[in-house]
1. Quick check, is Leu5 open to solvent by 100 Å² or more (accessible area, probe 1.4 Å) and free of Cβ contacts under 8 Å to residues at least 60 places away in the same chain?
2. Return the residue satisfying two criteria in turn: it lies in region 34-48 and is assigned to a helix (DSSP H, G or I) and of a type outside the set (Asp, Glu), and of such residues it is farthest from Lys68 (Cα to Cα).
3. For residues that are hydroxyl-bearing (Ser, Thr, Tyr) and outside any helix (DSSP H, G or I), tally how many sit in region 49-73.
4. Residues in region 10-33: is at least one out of contact with any helix residue (DSSP H, G or I) (no Cβ under 8 Å at 6 or more places or on another chain) and outside any helix (DSSP H, G or I)?
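The values are calculated or read from the model by the stated rules, or taken from the named source; none is laboratory data. Being a predicted model, the structure only gives us computed values, none of them experimental. For neighbour counting, all protein chains shown are included, and Cβ atoms are generated from backbone atoms with ideal geometry for every residue, glycine included. With ligands, DNA and RNA removed, areas are computed over all heavy atoms of the protein, side chains included. Shrake-Rupley method; radii C 1.70, N 1.55, O 1.52, S 1.80 Å.
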Amino acid sequence: MNLGLAIILIIAALLIGLVGGFYGARAYMKKYFQENPPINQDMIVAMMSQMGQKPSAKKVNQVMNMMKHQQKN
């Protein structure tokens, strides 16, 4: 009977760890994205303006495409 109890406890600990890990990772990612939002077109326009460049739609789209391509790799 001790072996059966040990197996049940191991399976229960595994399930609790999986559920706890999922919710912990979910909370961490929510917090991370609140503190560090993904870059959007408005941020790129503001950054280009601060650097002294005149942001045209073509330049903004080029930068967005470059950033999307870098995120994939």
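1. Numbers: open to solvent by 100 Å² or more (accessible area, probe 1.4 Å): no; free of Cβ contacts under 8 Å to residues at least 60 places away in the same chain: yes.
Taking the combined requirement at face value, the residue does not satisfy it.
2. Step by step, filter region 34-48, then rank; the result is Gln34.
3. In the first step, residues of region 49-73 are kept if they are hydroxyl-bearing (Ser, Thr, Tyr); the result is 49, 56.
Remaining after also requiring outside any helix (DSSP H, G or I): 56.
Looking only at that region, the number is 1.
4. Keep residues of region 10-33 that are out of contact with any helix residue (DSSP H, G or I) (no Cβ under 8 Å at 6 or more places or on another chain), which gives 10-33.
Add one more test, that the residue is outside any helix (DSSP H, G or I), and what stays is none.
No, region 10-33 contains no residue that is out of contact with any helix residue (DSSP H, G or I) (no Cβ under 8 Å at 6 or more places or on another chain) and outside any helix (DSSP H, G or I).
Residues checked against (1) assigned by the TED database to the domain that holds Asn65; (2) in contact with a Cys (Cβ under 6 Å, 6 or more places away or on another chain); (3) surrounded by 10 or more Cβ atoms within 10 Å (Cβ to Cβ):
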residue: Ala13; (1), (2), (3): no, no, yes
residue: Phe22; (1), (2), (3): no, no, yes
residue: Ala25; (1), (2), (3): no, no, yes
residue: Met43; (1), (2), (3): yes, no, yes
residue: Ala46; (1), (2), (3): yes, no, yes
residue: Gly52; (1), (2), (3): yes, no, no
